[in-house]
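The values are calculated or read from the model by the stated rules, or taken from the named source; none is laboratory data. Because the structure is predicted, anything quoted here is derived from the model rather than measured. Glycine also receives a Cβ, built like all others from the backbone with ideal geometry; neighbour counts cover every protein chain displayed. The accessibility values were calculated without ligands, DNA or RNA, using every heavy atom of the protein model including side chains. Shrake-Rupley method; radii C 1.70, N 1.55, O 1.52, S 1.80 Å.
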Amino acid sequence: MDQINQLLKLLENTESIEIDEFRMDFEELEINLAPAIARTVQQTVARQNAIEKSIEKTMLKAAEFKPPIKEYPGKIAQVQLGAGSRKPVYLGGQTSLYRFEEPQPNPPIVTFDVFDIPMPGLPRPIREHFSDVMESPGEWAKKAVKDYGANMVTMHLIGTGPKVMDKSPREGAQAVEEVLQAVDVPLVIGGSGDPVKDPLVLEAAAAAADGERCLLASANMDLDYHKVAKSAVDYGHAVLSWAITDVNMQKSLNKYLMKDGLKQEDIVMDPTTCALGYGIEFSIDVITRTRLGGLKGDPDLQMPMSSGTTNAWGSREAWMKKDEWGPTDYRGPLWEIFTGLTLMLNGVDIFMMLHPESVRILREIGETFTKEYLTSPSPNINNWIIELE
């Protein structure tokens, strides 16, 4: 009995016992908890309760989350595109950077890319939607509007390029006239990318679209932006001010355009879109800093912004056939959607895109930006992938 008492005394301050290689053979076993063991159990439970109470006291209580709302002294100018026989759309007007700070007054706009010549080199997931209308820019634009619900069309006058078909500015203007007659939505009018010829082409196109309030794309430091600005002033258009991922260059170009007679309400900025996986972080940085500059009161940056989201199709992940990457019917549109969505979250107002489903999905997301944060129903995305088929 003395040995048992000694053992119990040893167990008073013991929380647990581990016995190795223990074996007991018996026919019947009866265990009585001695008072010392009962006290040990009670002490252990008391210690555990004390620890739990101590943890409750030291733990921080969860507070209600409130988004970090900021107020800015500046406001982004509102730009109207479309007048005369066009149904107008509006860009800009924001007084905040993020959607949770304040709803946008105008939803982001998505515009379909259309070309003045057939484009057999387009990726198959795009080409198969428009192969029947590529011979006619008017029919191409009409299909984008009637079949796919486009509320804007971007007319690329690629055929005027000296190394393409070298069409004259007048021929480019005729293609614009054809599209103007085919649809009643606003137009973005782009050249071929040739710095010498584009100002002449845009001048002729601006005259052909007199009073229709188109967006002339584009003015940049490498061409005669004075002529582009004058064409916009003379014929009542807006100008796309394009700078290559450089906020200071963007400021300077906007200043020059306003000296040539344009106002904030006549300019849309294009800070350059780098695609997902191909430098999109540079676009995020420049677009965010540009928008913050405008909201903080810089008059040279208080304009809406544009994204050439079709650049996403230049990424090999969007179009290259590779079985382990999955079908391009999904990859291509998704690459375009996520490139656009990323920049939409950083303040871009208008997106130039190619794939019908990419246009539709990004437009649906953009429409939620005019509603109170977390109070409006989100679009149903359950069958987006299925619908890409």
Qualifying helices (runs of 4 or more DSSP H) (wholly inside the stretch 269-357; at least 1 residues being crowded, with 24+ Cβ neighbours inside 10 Å and more than 17 Å from the chain's Cα centre (by Cα)) | 280-295
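Matching residues to (1) farther than 14 Å from MET119 by Cα; (2) within 26 Å of the chain's Cα centre (by Cα); (3) among the aliphatic types (A, V, I, L, M); (4) buried (at least 21 other Cβ atoms within 10 Å of the Cβ):
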position	(1), (2), (3), (4)
GLU135	no, no, no, no
TRP140	no, yes, no, yes
THR154	yes, yes, no, yes
GLY172	yes, no, no, yes
Taking the stretch 276-302 and keeping residues on the phi > 0 side of the Ramachandran plot and at pLDDT below 95 leaves GLY277, GLY279
Enumerate the pairs (first residue in the stretch 95-124 and under 15 Å from ALA150 (Cα atoms); second residue anywhere and assigned to a loop (DSSP other than H, G, I, E, B)) with beta-carbon separation below 6 Å, excluding pairs fewer than 6 apart on the same chain, so at least 6 apart or on different chains.
-> PRO108/ASP349; ILE109/MET152; THR111/MET152; PHE112/ALA150; ASP113/LEU354
Considering residues of the stretch 206-232 that are over 24 Å from ASP349 (Cα atoms) and assigned to a helix (DSSP H, G or I) only, the residue most open to solvent (accessible area, probe 1.4 Å) = LYS230
Residue check: is PRO199 closer than 16 Å to SER218 by Cβ, in contact with a Leu (Cβ under 6 Å, 6 or more places away or on another chain) and either open to solvent by 10 Å² or more (accessible area, probe 1.4 Å) or of a type in the set (Phe, Trp, Tyr) (or both)?
-> no
Taking ILE117 as the residue in question, decide whether it is of a type outside the set (Lys, Arg) and out of contact with any Gly (no Cβ under 7 Å at 6 or more places or on another chain).
-> no
Name the pairs whose Cβ atoms lie under 6 Å apart, with the first residue in the stretch 341-363 and among the aromatic types (Phe, Trp, Tyr), the second open to solvent by less than 10 Å² (accessible area, probe 1.4 Å), and 6 or more positions between them or separate chains?
-> PHE351/VAL110; PHE351/SER307; PHE351/THR309; PHE351/GLY340
Being out of contact with any strand residue (DSSP E or B) (no Cβ under 8 Å at 6 or more places or on another chain), free of Cβ contacts under 8 Å to residues at least 60 places away in the same chain, open to solvent by less than 40 Å² (accessible area, probe 1.4 Å) and not acidic (Asp, Glu), is that true of even one residue in the stretch 233-249?
-> yes
Please find, among LYS296, LYS227, the residue that is farther than 24 Å from THR339 by Cβ, without any contact (Cβ under 8 Å) to a residue 60 or more places away in the chain and not aromatic (Phe, Trp, Tyr).
-> LYS227
Taking the stretch 81-131, which residues are of a type in the set (D, E, K, R), more than 22 Å from ILE337 (Cα to Cα) and touching a helix residue (DSSP H, G or I) at 6+ places or on another chain (Cβ under 8 Å)?
-> ASP116
Inspect the stretch 120-132 for any residue being out of contact with any Lys or Arg (no Cβ under 8 Å at 6 or more places or on another chain), open to solvent by 10 Å² or more (accessible area, probe 1.4 Å), part of a loop (DSSP other than H, G, I, E, B) and aliphatic (A, V, I, L, M) and give the result as yes or no.
-> yes
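Looking at THR290, THR309 in this structure, which one is in contact (Cβ under 8 Å) with a residue 12 or more places away in the chain, hydroxyl-bearing (Ser, Thr, Tyr) and farther than 26 Å from ARG360 by Cα?
THR290
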Breaking point among (1) within 30 Å of PRO333 (Cβ to Cβ); (2) open to solvent by 10 Å² or more (accessible area, probe 1.4 Å), for PRO67 | (1)
